[in-house]
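Accompanying notes for the structure given below.
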Amino acid sequence: MIDYLQLATHNSHLIIIFESMNFSTQELIEGIRSGNKRLIAKAITLVESKKAEHRIQADDFLKQIMPFTGKSIRVGITGVPGAGKSTFIENFGRLAISNGKKVAVLAIDPSSAINKGSILGDKTRMEELAKEENAFIRPSPSSGFLGGVANTTFETMMICEAAGYDYILIETVGVGQSEVLVADITDVFLFLKIIGGGDELQGIKRGIMEMVDVVFINKVEQDNLQKAKNTKLELKRALDFIPAKEKGWKVPVLLGSALHNNGLSEVYEKIDEFIQLKKKNERFELVRTQQSEKRFEYWVQEYILSMMKRNESLEQSYIQHKKNASALISNPSTEAKLFVDQFFNKD
């Protein structure tokens, strides 16, 4: 058998050979339960596949691993480009590993929707973390999916949990709806901020601040320390006007430098403190239940649209109603209702 690790640096060959390997559902389950990174990656590839035969196996596989999921801490990490997300994740991950934890990183590749990007791009940026035995890094294409996350990120997270990873770190591309979607699948939402010119709160939408659980002002050095302190004060004042997301939790605003490992221990401690509070408030499992319900609703919509596209007459009707809506021939909601009624054969 060809050695997978020998092919890791040869992208163009890796995909061809990797896809030619077929594994049974039981082999995949046994592989991920034993921590076999090659089979973890294969399982994720299976779940990401849109081929009909792969979808059947993926559904069976996901159903069988569910009893092994749910034991990790899911952390969403967002911030504007240049905020240092990859550096933060690498050094935070290494800190967690030094504390006896296993860390999985799900990094979304925003370039993939256009030119497929480099599937090892994030592994290159997190080179030291990638060397760790107890770390697993998986770049996934957003494939044009709204919000800067992949549409199978939740399912990929389940696979990593079944493989025994204690922390699942999800790095978003930080665009559009990404904050909402990541907050909907994680336990902790971390916002990275950097010092810039002018109004430090400018460009930070209220919606983001309503979702954050921890704020980390990154790239703080001696020469911008006072400005960082001023930014921290402004952020804390702004957060005072936002209703508490979790009873008894005041969103901490921390200062530090991920590059120099300054402040990461405080972030680690605050994440643990927040999780313990959610469990004490009996909201930890409740929120996860709500998140699973949202995933159900998402997939219902996806499967309905998929059925529509397999029916030529329905697809043509869909296109026509969409044109009517865009041309404002009638109200978009009216056109949508007319199509849905037709889809379900309502008179």
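Data for the structure
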item	result
Ratio of the Cα radius of gyration of the stretch 280-347 to 2.2 N^0.38 Å, where N counts its residues	1.56
Ordering of 244-250, 186-192 by burial proxy (mean other Cβ atoms within 10 Å per residue, highest first)	186-192, 244-250
Rg over Rh, two decimals, the stretch 203-347 (C-alpha only, Kirkwood Rh)	1.20
Efficiency of FRET between residue 309 and residue 289 - r from beta-carbon atoms, R0 30 angstrom, step 0.05	0.45
Efficiency of FRET from Cβ geometry, residue 247 and residue 336, R₀ 41 Å, rounded to 0.05	0.60
Additional length obtainable on full extension of the chain from residue 327 to residue 68, 0.36 nm per residue less Cα span	88.2 nm
Area accessible to solvent at residue 277, 1.4 Å probe radius, in Å²	30
Spin-label model distance (nm) - residue 319 vs residue 233, 7 Å beyond Cα toward Cβ	6.1
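The values are calculated or read from the model by the stated rules, or taken from the named source; none is laboratory data. Fair warning: this is a prediction, and the values are worked out from it, not measured in the lab. As a convention, Cβ positions derive from the backbone with ideal geometry for all residues, glycine included, and neighbour counts pool all protein chains shown. Areas reflect the complete protein model, heavy atoms only, side chains present, ligands, DNA and RNA absent. Shrake-Rupley method; radii C 1.70, N 1.55, O 1.52, S 1.80 Å.
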